[in-house]
């Protein structure tokens, strides 16, 4: 694994203006590698690059079938390089290697699915009599800014980036500071697949700096965010003020409910699995509820 990772902005690897940031191997609490720490200036550069990609028409002017094949090729690239990607995921996230491979295997089909949908964005024509003609057409947002959470970063990015690219949006990805490196593969995938230059930009940065700058920049037309509720509220407030679309996945409040006829052994045996990653994964159970009459101590 290389010792220093650069951001990918405007079709090139870029050093951070601010400084460097250490990423730790959480299993031993030691430095894994460093990455270029971006600031608001880097964010502006990435947003402007993505905006140029959108305005140039290099995405939207492609024939739908060609557009779809390029998006699907990104998924094929991930599967071809699954060993390298899974290894990075394991190092930065400390999932078992077999589980990291599953994450890549489950993420890649998003590119396949949304690439296939690129041919399905069709408008409608509506007859209004001989003197009038009405029709609808779909247009891309423009720049989709995607602020990614630390857990399952490949899958989190893939499901939103694939949809954005398939619908002719350019993407700016702010990687999670705890698990930043695996997202770098999207730059290689975009280049290899033949995606137009500047359509994908990847930033290493901190949420309160790069993430904040990204969510407030005027060139951003959509925000995709996964994380805690207070941050989501702040982003929703900003996007509402700027009349910008937002897609928010918030909370960490998954609950398990035991009814009177529950198998309490099975209910209890799920607890160790949900203790993984300090109970911070979005799929971990955070609360357990029971109906009256069940053995409270056993629950």
Margin query: I'd like the residue in region 89-106 that is outside any helix (DSSP H, G or I) and without any contact (Cβ under 8 Å) to a residue 40 or more places away in the chain and, out of all such residues, is farthest from the chain's Cα centre (by Cα).
Written below: 96
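Name the strands (runs of 3 or more DSSP E) wholly inside region 1-51 in which the number of residues that are at pLDDT 90 or above and in the same structural domain as residue 86 (by TED's automatic domain parsing) is 2 or more.
Fully inside region 1-51 and qualifying: 7-9, 12-14, 30-37.
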Note to self: Take the conditions in contact with a strand residue (DSSP E or B) (Cβ under 9 Å, 6 or more places away or on another chain), part of a loop (DSSP other than H, G, I, E, B), assigned by TED's automatic domain parsing to the domain that holds residue 148 and at pLDDT 85 or above and apply them to residue 224. Does it pass?
What the structure shows: no
Next item on the list: Keeping to region 60-88, report how many residues are part of a loop (DSSP other than H, G, I, E, B) and over 16 Å from residue 187 (Cβ atoms).
Entry: 4
Check: Of the conditions (1) surrounded by 22 or more Cβ atoms within 10 Å (Cβ to Cβ); (2) within 15 Å of residue 173 (Cβ to Cβ), residue 45 fails just one. Which one is it?
Finding: (1)
Checklist line | Any hit, region 155-164, residues being crowded, with 16+ Cβ neighbours inside 10 Å, outside any helix (DSSP H, G or I), out of contact with any strand residue (DSSP E or B) (no Cβ under 7 Å at 6 or more places or on another chain) and assigned by TED's automatic domain parsing to the domain that holds residue 70 | finding: no
Item checked: Members of region 227-248 that are under 29 Å from residue 289 (Cα atoms) and either out of contact with any strand residue (DSSP E or B) (no Cβ under 6 Å at 6 or more places or on another chain) or modelled with pLDDT of 90 or more (or both) -> 227, 228, 230, 231, 232, 233, 248
Next item on the list: Have a look at 12, 3, 36, 53 and point out the one that is buried (at least 17 other Cβ atoms within 10 Å of the Cβ) and more than 17 Å from residue 176 (Cβ to Cβ).
Entry: 53
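Can you pull out every residue in region 235-259 that is in a helix (DSSP H, G or I) and either touching a helix residue (DSSP H, G or I) at 6+ places or on another chain (Cβ under 6 Å) or touching a residue at least 12 places away in the same chain (Cβ under 8 Å) (or both)?
235, 236, 238, 239, 242
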Note to self: Test of understanding: among 182, 215, which residue is at pLDDT 90 or above and touching a helix residue (DSSP H, G or I) at 6+ places or on another chain (Cβ under 7 Å)?
What the structure shows: 182
Check: residue 177 versus (1) at pLDDT below 95; (2) touching a strand residue (DSSP E or B) at 6+ places or on another chain (Cβ under 7 Å); (3) part of a helix (DSSP H, G or I): which is the lone unmet condition?
Finding: (3)
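The values are calculated or read from the model by the stated rules, or taken from the named source; none is laboratory data. Just so it is clear, the model here is predicted, and its values are computed rather than measured. Please note: Cβ atoms are built from the backbone with ideal geometry, for glycine as well, and neighbour counts cover all protein chains shown.
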